[in-house]
Amino acid sequence: MSPKRHLRRSATHSALLVELGCEEIPAWMIERAAEEWKASLQKYLSEASLLEGSPIDTFGGPRRLTAFIPSLLPRQPDVVREVTGPAKSAAYDAGGKPTRAAEGFAASKGVNLKDLFVVKLPKGEFMAARQTVLGRPAPAVLAEILPRAFSEIAWPKTMRWPAPGNPRFIRPVRWLLAILDGRVVSFEFAGLHSDNLTKGHHTLGRAVIPIHNFGQYSTVLKRNFVLANPVERRQKIERELSSLAARQGLRIHPDPDLFNRVVYLNEFPTAILGSFDPAFLELPEEILVTVMRDHQKYFALEKKSGGLAPHFLAVVNSDRDRRGKMRSGHERVLRARFADARFFWNADQKCRLADNLARLDSVTYEASLGSYGLKVKRLRSLCEALPHHVSPPDSPAASVELKLEVLDRAALLAKCDLVTDMVREFTELQGVVGGLYARAQGESELVADAIYDQYRPAGLDDDLPRNLVGCLLSIADKLDALVGCFAIGRIPSGSSDPFALRRAAAGIVRIVVEARLTISLNDAIQSAISSLSLVNPMLAFPSGLLGQVRDFLDDRARFYFEERRGHAFDEVKAAMAVGSDDLLDLAVRMEALRRVRRTENFPPLAAAFKRIRNILEKSAAKESIPATPDPALFAADEERALHFAAGETARSSAGLKQARKYAEALVQISALRPAVDRFFDKILVMAEDPPVRANRLALLRNLLREFSTIADFSEIVTESTAAPKN
Amino acid sequence: MKLSPPTLQDLLFRLQQFWSARGCLIGQPYDVEVGAGTMHPETFLRVLGPEPYRVAYIQPSRRPADGRYGENPNRLYKHLQLQVILKPSPSDAQELYLASLAAIGVPLREHDVRFEEDNWESPTLGAWGIGWQVLLDGLEITQFTYFQQCGGLDLDPVSVELTYGLERIAAFLQGVDNVFDIRWSADVLYRRVRWPEEQQFSAYSFEYADPQRIRQMFDLSEAEAKSLLDGYDQSAEADRPRYPVLAAYDLCLKCSHLFNLLDSRGVISVTERAALIARVRTLACRAAAAYVEQNRLRSRETE
């Protein structure tokens, strides 16, 4: 064994290195686990007053999670705290002598009687003592914190294995390393005791490696074919992939998800180049890429002139392919996979997509909602209705009508690929395969593309369907899922969303807004409900279904506008308060609000609107407010002026609103500010005389109504409204 | 030193020798049709209860729907698994497994070995576990599972199950692309041993099996298993240790295979499918519970 070396201990701070060794953690979980672990450490070490602003670095790989904290306090600071005891009256007897209560209190706090003092509390006078709580040394505190922080990592699914205490973790924990300034921090977790030992690569490294400090940790592990830090793995992969591609004069088919996956699949990633028979290039690129990416985790390579090249890049868990066996092994596996894909393609072409329709009746979509056969019926029914609720701004409504048969054809064939061999083998290609087969079988490009795109967008960064038919088909598919699942009570809760309804709702929002479709969500949902009751007549569903689905969509819309388009939450709230049935209109209003809220007049006006709303809310029950103000009842110039200005602004902004020039309209409305300010400066709304008072309230209510059609300004947080409420 | 790649039978010998040397009993294949080595009582029943056990055995596994008439280079109606059960799972299970690869002639430093997430589940057996598929240069060669539940019962202690896909490993070691080109022995190919069987059982599974009679056989086997299990529940405690629970489990296995046959004939609708699986699972769970109780009674007797 190598001699124990101790880092020179800095006067006030200690460096902590922790490593948990584990059997292979699923790659997709590691990054998040390291982050959660960091948050727990941060929380507990701060609470224990050990952290004092020191950074915490955590990172992970397939077989280890590592934390490094460069400057931890070696012990907790002592804390002096004041504790109260018995009432003063109970602490001394009539003669002023301490009672047993006072003695007992002093003794229990470890102080002398004479050190007790009196504090005044609302309940009276009490005895108090000043107690010094001695800080504990860091190792003692860490022995409690480290196991807790490990156990609080929220894994998606945990397991048991034979170990003392029946621990649960993502995979069996095999070693624990914890060193504070060269000394082992002793603690227990998962039936193991901590030590200063780590392990190298499964097949290339040593199995027992003593570690003395963090500086040495990375280098020693690297010598044992482990790159502990994902940053290093990432750089190595990036470097090797691009140099191998460049050497072939090829380009890597971009795939950030795959890249991240291989970073966390390997302890010592190395890129190797492989090749396949160019004859396989006759298969569609999507299929080849999917086989390489999803099944083998290979990067596809493209020719500079476009199109795939008969090569791939694999990232292996080794330092090098000593005898070319890795390359030939990976090539052989890919050959078999491609041969399967070719077999499926040829087998599937023996019948046409429409021939699969009958078989959809025996494929369950959802137990209560029935088969995919029924789903297709609902889709077609919904696709018949949907175009009537939609007018795409950039093309006349008529052109949608023209495409009705096209949309129906796409809906009819949309799910036919589900029973093909290809999709049964490569389920992630649903839709794509249908689109490819449709094209190969002579369907129009519109139909083929719509089928291909029907599941888009799959996430916030995925492309939208390429054409209007695809957009409508995708909306119909998602809307049917939402309405159907809500109808049978399969409503997402917490992390449980088996039908990915959140994604479906977010997809609808993105398509409507980004493809710039004018559509009434309520009408569309109503049509989906009608299709459901038409096709599944026996299904009983709740009466509030439409509202439930709308609320769910509104929720996703809120998320989308805040997270994706960077709107402030109050903008979103203000614009949605006056309606979100037409999402495109909502988006335009919100954008206008974002621009105008920064202009000089807007914040005070918003504050004034908030005030108006408060006044109206308070008086609504008590007052009978006329429908419109009566100019004859105005007592002061300021109310007459406001009434006049409001009328003028209403007229001038109406045309702008009509033309959806909301920003311009908002600028006009903001110009009301001086009139509003003067009104509030001079006028007492709640006047003594009831008719005058009611008339002023009517003026304000009209003002609020007239100018709250773009957004409810009173929701906007301004400096004056953001002040804490009393 | 250059070794010629092992034949299939060399591979079987070496793996059994390897595990025998690590304290495993070398079992024999079970004589009822099974879809996976897990269904062999030496796994399904032995992992239940507290008694430590180590066993390794070869199990031919029949998957009627995977049959390809012997025409697909990778898919088979029946393939060979080597199944290892280590109960309780030792802390060096992964190292032992890697050592077994070295023992069959895989120089680990020259290959890309990886453990990729793959959680195994058998709804018909009420069994599931957590683990990986082991990839050797991208080829899935082993299922590595920490058994969590079996027959609906939480396992304590947890066993580790290693299932080697023998044809794949042999093809890999011998560098052949087609499973039928594997050398079984020095002078006999896999094709000669197995091809007619692949062809005929594929034909049977996809064309000849009579769905109605298969259904009847399923119902009969189920009824027989049920009546045995009902009888167990009604029997006096003193009669239980010798009660034929193992026979009920055999009948449950028959149901499972008959279900697979119906499935390959494509005569099961989705809802019926779920219902049939649930029927087999019920038998499996009842047999498991009875087996555990029997063992408890038996160990009480010997105390």
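Please give the peptides B:116-127, A:532-543 ranked by average Cβ packing (other Cβ atoms within 10 Å per residue), highest first, as a rough proxy for protection.
B:116-127, A:532-543
Tell me, what is the per residue accessible area of the protein assembly as shown in Å², probe radius 1.4 Å?
44 Å²
Using Cα positions and a limit of under 19 Å, work out the aspartates and glutamates in reach of A:LYS618, with same-chain residues fewer than 8 apart set aside.
Result set, ordered by chain and number: A:GLU688, A:ASP689, A:ASP712, A:GLU715.
On the first, second and third principal axes, largest extent first, how far apart are the outermost C-alpha atoms of the stretch A:4-127 in Å?
Result, largest extent first: 74, 36, 24 Å.
Keeping all protein chains in place and using 1.4 angstrom, which order do A:GLU240, A:GLU688, B:GLU33 fall into by accessible surface area, from largest down?
A:GLU688, B:GLU33, A:GLU240
Give me the distance between the Cα centres of the stretch B:170-238 and the stretch A:30-93, rounded to whole Å.
If you average the Cα positions of each part, the centres end up 60 Å apart.
What is the interface area between chains A and B, defined as buried accessible area summed over both chains with a 1.4 Å probe, reported in Å² to the nearest 100?
Looking at A and B, the buried total is near 3700 Å².
Whole angstrom only: what separates the Cα centroid of the stretch A:612-641 from the Cα centroid of the stretch A:139-211?
Between the Cα centre of the stretch A:612-641 and that of the stretch A:139-211, the gap is 71 Å.
Rule-of-thumb check for the stretch A:425-554: C-alpha Rg over 2.2 N^0.38 Å?
This ratio for the stretch A:425-554 stands at 1.09.
For the stretch B:105-187, just the Cα atoms, rotate onto the principal axes and tell me the three extents in Å, largest first.
Rounded to whole Å, the extents work out to 46, 28, 18 Å.
Find, among the GluC sites (Glu not before Pro) in the stretch A:571-674, those assigned to loop by DSSP (not H, G, I, E, B) with at most 10 other beta-carbon atoms within 10 angstrom.
A:GLU600
With n ≥ 4 as the cut-off for DSSP H runs, can you work out [θ] at 222 nm for chain A, using -39500 (n - 2.57) per run divided by the number of residues, rounded to the nearest 500?
Here the helix-only value at 222 nm equals -14500 deg cm²/dmol.
In Å and whole numbers, how far do the C-alpha atoms of the stretch B:158-209 stretch along each principal axis, longest first?
Extents along the principal axes, in whole Å: 39, 39, 17.
Can you give the local net charge around A:SER218? Use residues other than it whose beta-carbon is closer than 14 angstrom to its beta-carbon, Lys and Arg +1, Asp and Glu -1.
Charge balance in the 14 Å sphere: +1.
Take peptide A:631-642, look around each residue's Cβ out to 10 angstrom, count Cβ atoms belonging to other protein chains, and average those counts.
So the per-residue partner count for this stretch is 0.
Mind ranking A:345-355, A:27-37 by how tightly packed they are, going by the mean number of other C-beta atoms within 10 angstrom, highest first?
Top of the packing list down: A:27-37, A:345-355.
Scaled to the compact-protein estimate 2.2 N^0.38 Å, what is the alpha-carbon radius of gyration of the stretch A:335-480, rounded to two decimal places?
That works out to 1.05 for the stretch A:335-480.
Using θ = phi - 60° and the Karplus curve 6.51 cos²θ - 1.76 cosθ + 1.60, what whole-Hz ³J(HN,Hα) does each residue of the stretch A:72-86 get, with Gly and Pro shown as x?
8, 5, x, 8, 5, x, 5, 10, 9, 10, 9, 10, 9, x, x
Can you list the residues, at least 5 places off or on another chain, whose amide H is less than 5 Å from the amide H of A:ARG64, using H built in the peptide plane?
So A:ARG64 has HN proximity to A:CYS22.
All other residues with a Cβ under 10 Å from the Cβ of B:THR282 taken together, and with Lys, Arg as +1 and Asp, Glu as -1, what is their net charge?
+3
What are the ³J(HN,Hα) values, in whole Hz, obtained from phi via the Karplus relation 6.51 cos²θ - 1.76 cosθ + 1.60 with θ = phi - 60°, for each residue of the stretch B:223-230 in sequence order, with x given for Gly and Pro?
Going residue by residue, I get 4, 5, 4, 4, 5, 4, 5, 4 Hz, with x marking Gly and Pro.
What do you get for the angle between helix B:190-203 and the principal long axis of chain B? Use alpha-carbon atoms, 0 to 90 degrees, nearest ten.
Result, in degrees: 40.
Cα-Cα pairs above 18 Å in the stretch A:79-133: how many percent?
25 percent
Output wanted: per-residue J couplings in Hz (rounded whole) for the stretch A:406-413, from phi through Karplus 6.51 cos²θ - 1.76 cosθ + 1.60, θ = phi - 60°, x for Gly and Pro.
Listing the rounded values in order: 5, 4, 5, 4, 4, 5, 4, 8 Hz.
In 5 Å bins starting at 0, how do the alpha-carbon pair distances of the stretch A:593-715 split up by percent?
For the stretch A:593-715, the binned pair fractions read 2, 11, 23, 24, 19, 12, 6, 2, 0 percent.
What lysines could a cross-link reach from A:LYS123, if we take a straight Cα to Cα line under 21 Å and drop same-chain neighbours fewer than 8 places away?
A:LYS88
Take peptide B:136-147, look around each residue's Cβ out to 10 angstrom, count Cβ atoms belonging to other protein chains, and average those counts.
Mean partner-chain Cβ count within 10 Å for B:136-147: 4.
List the aspartates and glutamates whose Cα sits under 17 Å from the Cα of A:LYS109, skipping any in the same chain fewer than 8 residues away.
A:ASP78, A:GLU82
The stretch A:237-266: which residues show an accessible-area loss of 50 Å² or more, assembly versus chain alone, 1.4 Å probe?
A:LEU265
Per the Debye formula with a single identical scatterer at each Cα and no solvent contribution, what log10 I(q)/I(0) holds for chain B at q = 0.08, 0.11 Å⁻¹?
Taking Cα atoms of chain B as identical point scatterers yields -0.38, -0.71.
My understanding is that a pair violates if its Cα-Cα distance is over 19 Å; which of A:LYS157/A:LYS236; B:LYS78/B:LYS254; A:LYS236/A:LYS297; A:LYS157/A:LYS199; A:LYS350/A:LYS403; A:LYS199/A:LYS236 do that in this structure?
Beyond 19 Å: A:LYS157/A:LYS236; A:LYS157/A:LYS199; A:LYS350/A:LYS403; A:LYS199/A:LYS236.
Compute the distance from the alpha-carbon center of the stretch A:487-557 to that of the stretch A:682-716, in whole Å.
38 Å
Can you tell me, using C-alpha contacts under 8 Å and at least 6 residues apart, the relative contact order of chain B as a whole percent?
Averaging sequence separation for qualifying contacts and normalising by length gives 20 percent for chain B.
So, by mean Cβ neighbours within 10 angstrom, what's the order for A:95-102, A:438-445 with the highest one leading?
Result, highest mean first: A:438-445, A:95-102.
Averaged over peptide B:110-122, how many Cβ atoms belonging to another chain are found within 10 Å of each residue's Cβ?
6
Per residue, what volume in Å³ does the Cα convex hull of the protein assembly as shown take up?
Per residue, the Cα convex hull of the protein assembly as shown comes to 287 Å³.
The values are calculated or read from the model by the stated rules, or taken from the named source; none is laboratory data. Keep in mind that this is a model prediction, so the values were computed, not measured. So basically every Cβ, Gly included, is an ideal-geometry build from the backbone, and we count neighbours across all protein chains shown. Remember, those area values only see protein heavy atoms, side chains included, never the ligands or the DNA or RNA. Shrake-Rupley method; radii C 1.70, N 1.55, O 1.52, S 1.80 Å.
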